[in-house]
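Below is one structure, written out as structure tokens; comments come after it.
The values are calculated or read from the model by the stated rules, or taken from the named source; none is laboratory data. Because the structure is a prediction, the values reported are computed rather than measured. Every residue, glycine among them, receives a Cβ derived from its backbone with ideal geometry; neighbour counts consider all protein chains shown. Accessible surface is based on the protein model in full, side chains and every heavy atom, while ligands, DNA and RNA are left aside. Shrake-Rupley method; radii C 1.70, N 1.55, O 1.52, S 1.80 Å.
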Amino acid sequence: MIIFERIKLNNFRRYVDCEFNFSNDYKNNVNVILARNGTGKSTLFDAITWCLFGEEDHLQIDSKYKEDSETILNSEIGFNLTQGDSIDVSVELSVTDSNTNNKYLIKRVSRFTIFNDGRLLYNKEENRIAPEVLSFDTKYNDWRKEDKPTLIIENLIVPKDLRHFFFFDGERLGKHFEENSSDFIKKKVEQVSRLGRIDNSINSINLYLHSLNSKQKSLVSDKNLKRKIDERDILLEKQQKYQEDLNLTLNLQKEANKNLDKCRKEVEEIGFNHNNVSVLNRSLSITCKRVDDIKQEIEKLEDEFNEKISDYFLKNIFSSIIEKSNDIIYKATENKEIPPPITRDYIDKILERKECICGACLDKDSKYRHNLEKFKEETELINTSIDFNKGQFYFEKQIDLISKKEYLNIKNKIKFKKDELKEEEEKREELNIKLGSLNIERIKFLQGQLEQLTSALDNLKRKEINLLRDIEDIGVELKRCENEIKKGEKDNERLNSLNNKKAYIENAKKVFTNFRKYLIMKNLQNLKQNTELYLKEILTEKKDEISEIVIDNDYNLKIMSIYNKDLTRTLSKGESQIFVMSFAAALRDLMNLKTPFLIDTPLGRIDNEYRLEVTKSFPKILENSQFILLVTSSEYTGDVKEILKKISNNKLVEYEVMKEGNKNKLIKNE
Amino acid sequence: MNNSELDDKLLFELENFDINDDDIDSEIDLNHLKRLTKKILNNEITYGGGGDNYDRYEKMLEEVFEDDNF
């Protein structure tokens, strides 16, 4: 319980030098300040709110007081001030925390000065700052100034925005639930639930999730990894194929080289020399031509020879010889053989054979040989040099007759040419044998083979280079692919870890979201239940009518009837006051506040018959709070006083405020 | 109740909050999740979350995930 033990007012309106000493009981702490209307009840109320928050609540609510706001300084004192004079207005509140027994002094002072122009001024801005708060340091037995006075007031007494539920005017209660009460309830429930903390946690989680998502995006996904593995497999397959091609190419090269070597060896073995063949061929060709030429020359010579002797034979000698020889033959063969007729063909034949037409019968072994002798005799023209063996028995003679010299010349030429021909033919033969032994066709074939093999080898070599380059390129590709796969596998591990983290974080977010809902629900429930509890305990006559207290989705506080009707607007003034007090008590419990109740005219608008009921209800709420009631004599009836006395265990503190000129005088009724 | 007391109450509430919810993935270890949420909330209460403190917040979470007991 927080207890206002004393309030000292100096020059605050009608309270020039007044001091209220309230009950310091930790239980049933009830204080009454009795004053007539216009005497200073509301001023005392305002003095407390001014001291704590720099605001006079009555002036905030009711505009008719605003003109007076400038003059918190007692008007008489202000009037008597002369130029240059200054005077302080102060309110000092002595507060005790019954739980800790800590004591505090809260003091607000405003200095008023009369300026040269006669205006009475003070620094209004001072009202915006916190009052001075001193705490009693038991260790040093002295007062110590607090660094954070606002925090002390908010934490110790009441948050500024909650004060209207604890410091209120009974005559203006309606405003509590008319003005932004739903926003207020929402704000308070969220405050007590510390939703800011939870929302910040959720925001942090969202940021972290965002960060995890960004990290996730930068990693190789499982799908991409699969694609990379496929790519690697294709590359490996390609590499293998190229390698096989390379092996094949190398084998082919080996084979080609082998064939080439074989070819070269064979060529070497054959002793092939292209130049030699050419020389031989050229020699053969020359020799052949020479043979042909010689043959032609011989032919020409023989033609010449024949031409020269044939006419002579035909015309002069040959016919007679033939006639005679035929006759001889005819006779020699006893007319059994008929000599052939003498024709040109026959003569040509004779000349060709270089034989005598009688060759046959001149045969040395012929049985007609003997006739030859006879023939010899008869043919006197023919000399004796007849040679039967050679059959040239007469030509010489005859040729000599014509032109032996010329004949011999031609004949010698022919002989020479024939010798020459023979020689050339032998040479040709020799060349042919030589060339034949060289196997030109084989050499040509081998030469072709060599060319083909060399060309094939070049191609294979080129192919080998291309394949090696392709294999190297694929190797680079493979390395890149492998690295990416390695990274992908690593990323995969990281992805799993990230996914795990994400799962936890996302679930943590759910927990916070659910926890948020739970806290709001729990605190709202708490607020509703306690309000209902207090209300039903106090409004005993109406409790059967009340079904429940509801705080709807828009945070509107309602009293629902058993017929499901909203009773909030139908409450009487007294019931409204009890409702407000019940809610304030529930709020106090929820927020664990120890705030005193300061109520101006608590029973002013309550019907006489209900006044006692309301008064009797105070103990229910009073249990944990000090009560300071500012009452008029009309509401503070004897019955009320008796009830309050009873509530306070006869320790009721009662002050009566009396007017004395422009000042108030306090009388404490013991 | 001052803010510090409210924060203590909040931690106490989370400690006793039943997270065994249908929304939570069945594969998640609830004890771990509880530890994580408490750490997050405690961090928020101790330092205030998000914004400029995000790096520290992220570090704190990484430490939680690296914790063998997690």
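Structural remarks
- Qualifying chymotrypsin sites (Phe, Trp or Tyr not before Pro) in the stretch A:85-141, where qualification requires a DSSP coil assignment and no more than 16 other C-beta atoms within 10 Å, comprise A:Phe115, A:Tyr140.
- Scaled against 2.2 N^0.38 Å for its residue count N, the alpha carbon radius of gyration of the stretch A:488-642 is 1.59.
- Computed Kirkwood radius, in angstrom, where 1/r is averaged over Cα pairs of the stretch A:571-670: 14.5
- Sparse-neighbourhood loop sites, GluC sites (Glu not before Pro) in the stretch B:7-37 - DSSP loop, at most 15 other Cβ within 10 angstrom: B:Glu27
- The stretch A:131-217, relative contact order [Cα under 8 Å, separation at least 6], %: 13
- Legend: mean number of C-beta atoms from other chains within 10 angstrom of residue C-beta atoms, peptide A:211-218, equals 1.
- Of the chymotrypsin sites (Phe, Trp or Tyr not before Pro) found in the stretch A:477-563, the ones in coil according to DSSP and having at most 14 other Cβ atoms within 10 Å of their Cβ are A:Tyr563.
- Set A:Lys145/A:Lys663; A:Lys641/A:Lys665; A:Lys160/A:Lys646; A:Lys188/B:Lys38; A:Lys27/A:Lys536; A:Lys509/A:Lys594 screened for pairs whose C-alpha atoms are more than 28 Å apart: A:Lys145/A:Lys663; A:Lys160/A:Lys646; A:Lys509/A:Lys594
- Values of log10 I(q)/I(0) for the stretch A:457-511 across q = 0.16, 0.19, 0.26, 0.31 Å⁻¹ run -0.66, -0.75, -0.91, -1.02, by the Debye formula with one identical scatterer at each alpha carbon and no solvent.
- Summed over both chains, the contact between A and B buries some 3200 Å² of accessible surface at a probe radius of 1.4 Å.
- Rule-of-thumb Rg ratio for the stretch A:413-550 [Cα; 2.2 N^0.38 Å; N residues]: 3.86
- Using only Cα coordinates, the Kirkwood hydrodynamic radius of the stretch A:84-157 works out to 14.1 Å.
- Its convex hull of Cα atoms gives the stretch A:552-628 a direction-averaged projected area, equal to a quarter of the hull surface, of 6.2 nm².
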